[in-house]
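Participant: There's a structure below that I have some questions on.
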Amino acid sequence: MLDRAQRSRRIERRRRRWQSAGTALVAACLGVLAVLGVRSAGVGQPDFVAMQEVSATVPVTASLALEGEADGTLVRMQCAYKPAAAAHGKWTYKLYVVPRTGEPEELDSWTAGVGDEYELKAHSRFQRGDIQKIEIRKGDGTPLLVLNA
């Protein structure tokens, strides 16, 4: 009788361990599926807006997302350089925030050419409502792309 009781308890402990392991596995799978679902739905992702070309010979395309913060604005940028840009070689680019009043603020500069891609996150001291436009300029200051805020 004691052997039967011990065997019954051993079987019960084993069953509980398998149940716990199965529950943990199901919870982990549901967590992964939830994360993948949120990412595919784009929840929490910034809305990127395409910048407009200032002239027809601009060798770059870019999209921006602006996020207001307590002490200014977070600017996210994604750039790609057109295959037709090969004739231009590598250029230096500068990202500027132009406020409604006051002097423009340079956020970043980089050098890129055909086939390059560039992403950045930069912080502007200007609040989103105080921004008139954002520009990508050539190294010499010539405007190439603009996004009116």
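Participant: For the chain, with all protein chains present and a 1.4 Å probe, just round the carbon and sulfur fraction of the accessible area to a whole percent.
Facilitator: The C+S portion of the solvent-accessible surface of the chain is 53 percent.
Participant: From the helices alone, meaning DSSP H stretches of at least four residues, give me the mean residue ellipticity at 222 nm for the chain, per-run term -39500 (n - 2.57), in deg cm²/dmol to the nearest 500.
Facilitator: -10000 deg cm²/dmol
Participant: Right, another one. So what's the Cα pair-distance distribution over the chain, bin width 5 Å, in %?
Facilitator: The distribution over the chain is 2, 8, 14, 15, 11, 8, 7, 5, 4, 4, 4, 4, 3, 3, 3, 2, 2, 1, 0, given as percents.
Participant: Given H placed 1.01 Å from N in the peptide plane, which residues other than close sequence neighbours of residue 54 have an amide H under 5 Å from its amide H?
Facilitator: 145, 146
Participant: Taking amide H positions as placed 1.01 Å from N in the peptide plane, with prolines and chain starts having none, which residues 5 or more places from residue 116, or on another chain, fall under 5 Å of its amide H?
Facilitator: Distant-sequence amide H within range of residue 116: 81.
Participant: Report the calculated FRET efficiency for residue 82 and residue 50 (r = Cβ-Cβ distance, R0 = 22 Å), to the nearest 0.05.
Facilitator: 0.95
Participant: Out of residues 5 or more away from residue 108 or on other chains, whose amide H comes under 5 Å of its own, with H placed 1.01 Å from N in the peptide plane?
Facilitator: Residues meeting the criterion, in which the H sits 1.01 Å from N, are 95.
The values are calculated or read from the model by the stated rules, or taken from the named source; none is laboratory data. Since we're looking at a predicted model, the values are computed, not measured. Methodologically, a virtual Cβ is constructed for each residue, glycine included, from the backbone with ideal geometry; neighbour enumeration extends over all protein chains shown. Calculation scope for accessible area: heavy atoms of the full protein, side chains included, ligands and nucleic acids excluded. Shrake-Rupley method; radii C 1.70, N 1.55, O 1.52, S 1.80 Å.
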